[in-house]
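See structure below.
The values are calculated or read from the model by the stated rules, or taken from the named source; none is laboratory data. In this text the structure is predicted, and so the values were computed from the model without any measurement. All Cβ positions, glycine included, derive from the backbone under ideal geometry; neighbour counts span all protein chains shown.
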């Protein structure tokens with residue numbers, strides 16, 4: 001007997017979360033023409049969109065769930081964003097070395113093979129952004145090495161430029177699996193490793209596909225740049241704070257620490273401690 005897609009289900013808490021996660025994964029898998037989300041990306045969508053929407057439902061409508069999930073999947077970019085050969089080159093260049101983690105996590109799709117390459121300073125292995133981790137993939141260690149190198153040289157502007165290359169021992173035949181993006185470090189406009197991009201010419205069909213994903217990357221790039229500018233404004237505001245304000249905040253911090261020690265010694269009650277603490281915090285603002 002066919003299932004009634006509008007029959008209500010009663011699911012709460014972790015059962016609801018797991019149900020939504022499973023439904024999202026299954027529907028994404030069936031839509032092979034769009035980007036296949038990583039486990040982390042699916043969890044993020046469920047946590048931020050699906051679960052908040054349905055957690056208070058007394059009876060869960062399967063039709064409503066499917067409609068919401070289908071709408072999310074319908075907005076996913078085409079699978080071609082995972083092909084290194086089709087990436088718009090203009091969005092892979094001039095990535096500040098200390099921004100490479102942000103670039104990988106928030107700009108690149110989570111389905112690309114890449115490497116972060118600082119030449120003699122060091123390089124990571126080729127890894128897929130689907131399973132990217134700042135610490136375990138070696139990017140953190142490499143960024144620290146670059147920072148130490150620049151400090152030792154006492155000068156230098158360092159950027160990463162993404163170059164599409166053929167993987168070692170792979171054929172240069174246009175198959176996306178044979179290519180990766182090598183983020184090569186430039187210091188004062190000098191590359192720290194051999195460039196040697198893949199010598200492959202796109203055919204008309206591939207050029208058409210490239211055009212379809214350019215808008216997707218343009219949108220992500222604008223979002224990333226907007227966030228970088230916001231962070232820069234915040235950092236600038238912190239740098240121009242008046243010295244007396246900094247000194248005042250340091251005094252309040254010490255006062256809070258002293259107050260906590262007094263409370264822990266038993267000299268004042270918890271209510272007294274919280275009242276005095278709140279007064280100090282107000283004077284900090």
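Table: residues versus (1) in the same structural domain as residue 188 (by TED's automatic domain parsing); (2) assigned to a loop (DSSP other than H, G, I, E, B); (3) surrounded by fewer than 18 Cβ atoms within 10 Å (Cβ to Cβ).
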{"position": "58", "(1), (2), (3)": "no, yes, yes"}
{"position": "63", "(1), (2), (3)": "no, no, yes"}
{"position": "66", "(1), (2), (3)": "no, no, yes"}
{"position": "70", "(1), (2), (3)": "no, no, yes"}
{"position": "85", "(1), (2), (3)": "yes, no, no"}
{"position": "90", "(1), (2), (3)": "yes, no, yes"}
{"position": "93", "(1), (2), (3)": "yes, yes, yes"}
Checklist entry - Considering the range 220-262 alone, what residues qualify as being farther than 30 Å from residue 106 by Cα, touching a helix residue (DSSP H, G or I) at 6+ places or on another chain (Cβ under 7 Å) and modelled with pLDDT of 75 or more? => result 252, 255, 256, 259
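Rundown of residues vs (1) part of a helix (DSSP H, G or I); (2) within 19 Å of residue 224 (Cα to Cα), yes/no style:
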{"residue": "76", "(1), (2)": "no, yes"}
{"residue": "80", "(1), (2)": "yes, no"}
{"residue": "116", "(1), (2)": "no, no"}
{"residue": "120", "(1), (2)": "yes, no"}
{"residue": "136", "(1), (2)": "no, no"}
{"residue": "141", "(1), (2)": "yes, no"}
{"residue": "151", "(1), (2)": "yes, no"}
Checklist entry - Would it be correct to say that residue 213 is buried (at least 17 other Cβ atoms within 10 Å of the Cβ) and either over 26 Å from residue 125 (Cα atoms) or at pLDDT 95 or above (or both)? => result yes
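Each row is one residue, and each column tells you yes or no for (1) part of a loop (DSSP other than H, G, I, E, B); (2) in the same structural domain as residue 38 (by TED's automatic domain parsing); (3) closer than 18 Å to residue 96 by Cβ.
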position: 109; (1), (2), (3): yes, no, no
position: 125; (1), (2), (3): yes, no, no
position: 130; (1), (2), (3): no, no, no
position: 133; (1), (2), (3): yes, no, no
position: 144; (1), (2), (3): no, no, yes
position: 147; (1), (2), (3): no, no, yes
position: 180; (1), (2), (3): no, no, no
Checklist entry - Inside the range 76-97, can you point out the residues that are farther than 22 Å from residue 37 by Cα and in contact with a helix residue (DSSP H, G or I) (Cβ under 9 Å, 6 or more places away or on another chain)? => result 90, 95, 96, 97
Next on the checklist: Taking the conditions exactly as written (farther than 13 Å from residue 68 by Cα, without any contact (Cβ under 8 Å) to a residue 24 or more places away in the chain and part of a helix (DSSP H, G or I)), does residue 44 satisfy them or not?
Outcome noted: yes
Checklist entry - So which of 20, 16 ends up being in contact with a strand residue (DSSP E or B) (Cβ under 9 Å, 6 or more places away or on another chain) and either at pLDDT below 95 or surrounded by 14 or more Cβ atoms within 10 Å (Cβ to Cβ) (or both)? => result 16
